[in-house]
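Remarks on the structure that follows.
Coordinate-derived values only; no laboratory data. Here the structure is a predicted model, which is why all the values come from computation and not from measurement.
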Amino acid sequence: MPFRFKLDAVLRFRESVERTEKAILRRLVGEIADVELEIKQVDLKQIQLREQRERDLSQTVPGVHLTEIAEHEMLLRQVASDLRSQLAQLESKQIKQMAVYQAARQDRQVLSELRDRKQRAHVLDQRRQEQKTLDDLFLSRWGDDK
C-alpha cells in the first residue's frame, strides 16, 4: 500500500506560503540594493560637484554659475536624505519580513518533519509485513517437509 500523508494539502499550502514570503524578502533585498546603489551614485555626484565648485572658485566664473552649483548641491543633499530615509524604511521592512519568512519556514519544516517520520514509519511497517509474510511462508513450507 503506497504511503499517503493525510496533511499533504496543508504541507503544500505551507510550502506555497514559504515560497511567497521568500519572494517578498528577495524583492526587498533587491530594492535595498537598488537604493544603496542610488545613494552611492548621488554621493559620487556630490563629490564631483564639490570638485567642480573648487575648480571654478580658483578661476574667474560668473556668480550665477556658482549659485547654480550651490542649488544643485542642495538638491543632491535632499535627494540623498530622502534615499537614506527610504533605505531605513526598507531595512525595517526587511527585518519584519525576515521574521515572517522564518515563521513560515518553521511551520513548513514542522509538517515536513512529521511527513518524513510518518513515511519512515510506513516503510518500516511495510518491511515488517513483508518479513512476516516471508516468515509465515517459510514456516508453512518447513512444516510441510516434516
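For a straight C-alpha distance cut-off of 20 angstrom, the aspartates and glutamates reachable from LYS93 (same-chain residues fewer than eight places away being disregarded) are GLU18, GLU21, GLU31, ASP34, GLU36, GLU38, ASP82.
Distance between Cα centroids, the range 11-44 to the range 98-146: provide it in whole Å. One Cα centre to the other: 40 Å. Across the chain, C-alpha contacts under 8 Å between residues 6 or more apart give a mean separation that, scaled by the residue count, equals a relative contact order of 45 percent.
Note on the chain: with a GNM built from Cα contacts shorter than 10 Å, the maximum mean-square fluctuation among GLU54, GLU73, GLU15 falls on GLU54.
How many Å³ per residue does the convex hull of the Cα positions in the range 1-69 occupy? Mind dumping the intermediate values first?
On the way: hull volume 5.3 nm³, N = 69.
Per residue, the Cα convex hull of the range 1-69 comes to 77 Å³.
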